[in-house]
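*Asks:* Below is one structure. I have some questions about it.
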Amino acid sequence: MGRIASLSLPLSREDVAELRAGDEVLLSGPVYTMRDAGHERALQCLEETGELPFGLAGSTLFYAGPTPSAAGRPLGSVGPTTASRMDFATPQLFAAGIVAAIGKGKRSPAVVEACRETGSVYLCTVGGVAALLAKAVVASEMVGWDDLGTEALRRLTLVDFPCYVAVDACGRDLYREIEAAASSMA
């Protein structure tokens, strides 16, 4: 794989320009949870005002629906959602100022191209270990759209949250590289 990078959020385009597909990343700082319904609302706001809502420009989105606090932590669990469900909105959100997104699974060619065009990155984290990932969350705050329940927009504060660079700002796609290597071995 790649190197290990410890990064402070929010990320800049300069920060992510240094990352390469396969790098391990430990994130610390604020990240925003957003899933399908939140993406629809963000796009609506972008269309109506020309800006991302809640000052999200320059932020990192985490495709997750965290559970209520438990075990003395701000969240009981917080695992990644399948990122391809947000592909309908990601290129527009990257173009509007989102610097990075965290989820699980492969992205569409349009999202890979949007990473290259905007200098954004897609980070992946491991699914199925949501209670373990919640240990890297030290604070959780409702920001908006609380009517969406677990899909509400929340600001989480992370400390050494583990991710991998799945698509870098040059458009290198770790998922497709692994698929190509596997098919060449068959």
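The values are calculated or read from the model by the stated rules, or taken from the named source; none is laboratory data. All values reported here derive from a predicted model rather than from experimental measurement. We place every Cβ from the backbone using ideal geometry, glycine too, and count neighbours over all the protein chains shown. Heavy atoms of the whole protein, side chains included, go into the accessibility calculation; ligands, DNA and RNA do not. Shrake-Rupley method; radii C 1.70, N 1.55, O 1.52, S 1.80 Å.
*Asks:* Please count how many residues of the range 171-186 are under 17 Å from the mean Cα position of the chain (by Cα) and either surrounded by 17 or more Cβ atoms within 10 Å (Cβ to Cβ) or not hydroxyl-bearing (Ser, Thr, Tyr) (or both).
*Replies:* Total satisfying the criteria: 4.
*Asks:* For the list (1) surrounded by fewer than 22 Cβ atoms within 10 Å (Cβ to Cβ); (2) farther than 20 Å from TRP145 by Cβ, I need the number of the one condition that GLU51 fails.
*Replies:* Here GLU51 clears every test but (2).
*Asks:* Only one of LEU26, LEU43 is open to solvent by less than 60 Å² (accessible area, probe 1.4 Å), assigned to a strand (DSSP E or B) and either charged (D, E, K, R) or farther than 16 Å from ASP147 by Cα (or both); which?
*Replies:* Every option except LEU26 fails the conditions.
*Asks:* From the residues in the range 140-162 that are open to solvent by less than 80 Å² (accessible area, probe 1.4 Å) and part of a helix (DSSP H, G or I), which one is farthest from CYS115 (Cα to Cα)?
*Replies:* GLY149
*Asks:* Moving on to the next point. Looking only at the range 7-23, how many residues end up being in contact with a Ser or Thr (Cβ under 7 Å, 6 or more places away or on another chain) and either free of Cβ contacts under 8 Å to residues at least 24 places away in the same chain or surrounded by fewer than 16 Cβ atoms within 10 Å (Cβ to Cβ) (or both)?
*Replies:* Number satisfying all stated conditions: 1.
*Asks:* Let me ask something additional. Only one of (1) over 16 Å from THR67 (Cβ atoms); (2) open to solvent by 50 Å² or more (accessible area, probe 1.4 Å) fails for VAL165. Which number is that?
*Replies:* All conditions are met except number (2).
*Asks:* Looking at ALA37 and the list (1) without any contact (Cβ under 8 Å) to a residue 60 or more places away in the chain; (2) among the hydrophobic types (A, V, I, L, M, F, W, C); (3) over 29 Å from ALA17 (Cβ atoms), which single condition is not satisfied?
*Replies:* The single condition ALA37 does not satisfy is (1).
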